[in-house]
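Structure first, commentary second.
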Amino acid sequence: MSKVTVPEIRAGKGGDKIRMITAYDTPTARIADRAGADMILVGDSVANVVLGYADTLAVDVDVMVHHAAAVMRAEPDALVIGDMPWMSFHVSPEQTVLNAARFIREGGVGAVKIEGGRKRLPVIGAVLDAEIPVMGHLGLTPQSVNVMGGYRVQGKEAQAAYELIADARALADAGVFSIVLEGVPDRVARIVTAEVPVPTIGIGAGASCDGQVLVMHDVLGLGAGGYRPKFVRPYASLADDAVEAVGRFFSDVRSGDFPSRDETYHMPDDAFDALERLIEADASGDD
Ligand code: KIV
């Protein structure tokens with residue numbers, strides 16, 4: 001497969017469903033790419049999924065660029081998008097462009113994602129003017145957790161849905177190449193998908209979006225347990241498998257079954273005999 005480009009993703013509107021998943025490091029990026037991802041999102045969900053924070057507000061540009069660079073070292077064919085963290089695009093268009101540029105120059109990704117609707121048009125416009133492709137993100141935007149009063153489905157009421165549709169139109173007019181719709185009723189996502197000329201990528205937004213994204217650790221069943229939103233479908237139970245595997249290692253350590261002869265480095269007999277002679281000579285010299 002050749003490298004997936006932004007124009008290809010934009011042109012994929014209404015075609016085969018677009019496949020996106022998060023990755024935060026080189027091994028997860030390799031998994032995503034080998035499985036055929038069209039896009040890999042280095043999501044700020046790294047904060048809660050990998051780094052143990054309660055929400056995504058804890059990570060800054062340094063952390064995100066560090067993870068983006070690790071993903072890029074997998075040399076994926078998928079288009080990689082860096083998630084601009086909270087406070088990296090809230091101060092000024094100038095600062096936003098400089099932060100977005102770090103994702104490109106230091107992280108090596110092909111695009112950035114910015115949460116928010118019309119309110120964010122000035123910063124989105126500035127980043128686009130700097131020739132950096134932008135993916136939008138509407139609906140349940142986790143960086144707004146404190147304003148939303150928790151992780152709640154957005155656009156359930158008519159006026160809120162109407163505003164969300166207007167946000168999506170405005171983002172598309174501004175030039176974003178794709179829009180993530182998170183935590184939105186399926187009927188609203190269907191309208192947005194029909195209204196905007198760029199692909200919508202759903203997460204908890206029903207089946208009518210042009211593509212779907214999930215968090216890698218949710219797909220693999222590699223999370224820490226606890227609350228699981230209903231849109232998550234785990235395709236494996238790797239956390240349980242991992243506990244079982246590490247437990248077997250520990251029991252082999254206790255029983256002495258690990259390491260075996262084959263798992264051990266060996267010294268040739270003649271070298272060992274010579275070593276023993278050296279040690280003996282030392283010992284007789286000590287007398
Ligand atoms: O950070 C993230 O993982 C995301 C996806 C949930 C879209 O923004």
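General observations
- For the range 168-205, the set of residues classified as within 16 Å of the ligand (Cβ to nearest atom) and under 14 Å from ARG118 (Cα atoms) consists of ALA168, LEU171, VAL176, ILE179, listed by residue number.
- Residue in the range 188-198 that is in contact (Cβ under 8 Å) with a residue 12 or more places away in the chain, among the charged types (D, E, K, R) and buried (at least 17 other Cβ atoms within 10 Å of the Cβ) present: yes
- For the range 1-68, the helices (runs of 4 or more DSSP H) that sit wholly inside it and include 3 or more residues that are over 16 Å from the mean Cα position of the chain (by Cα) are 6-11.
- Pair list, Cβ < 7 Å and 6+ apart or interchain, from the range 221-235 residues that are within 19 Å of THR28 (Cβ to Cβ) and assigned by TED's automatic domain parsing to the domain that holds ILE21 to residues that are surrounded by fewer than 10 Cβ atoms within 10 Å (Cβ to Cβ) and acidic (Asp, Glu): none
- Residues in the range 206-236 that are open to solvent by 30 Å² or more (accessible area, probe 1.4 Å), under 20 Å from ILE9 (Cα atoms) and within 14 Å of the ligand (Cβ to nearest atom): GLN212, LEU214.
- Residues (over 30 Å from GLY206 (Cα atoms) and among the aromatic types (Phe, Trp, Tyr)) located in the range 222-276: PHE249, PHE250, PHE258, TYR265, PHE272
- With respect to (1) of a type in the set (Lys, Arg); (2) open to solvent by less than 50 Å² (accessible area, probe 1.4 Å); (3) out of contact with any strand residue (DSSP E or B) (no Cβ under 6 Å at 6 or more places or on another chain), the lone exception for LYS156 is condition (2).
The values are calculated or read from the model by the stated rules, or taken from the named source; none is laboratory data. On a predicted model such as this, the values are computed, not experimentally measured, just so you know. Virtual Cβ from ideal backbone geometry, glycine too; neighbours counted across all protein chains shown. Protein only, heavy atoms only, side chains kept; ligands, DNA and RNA dropped before computing areas. Shrake-Rupley method; radii C 1.70, N 1.55, O 1.52, S 1.80 Å.
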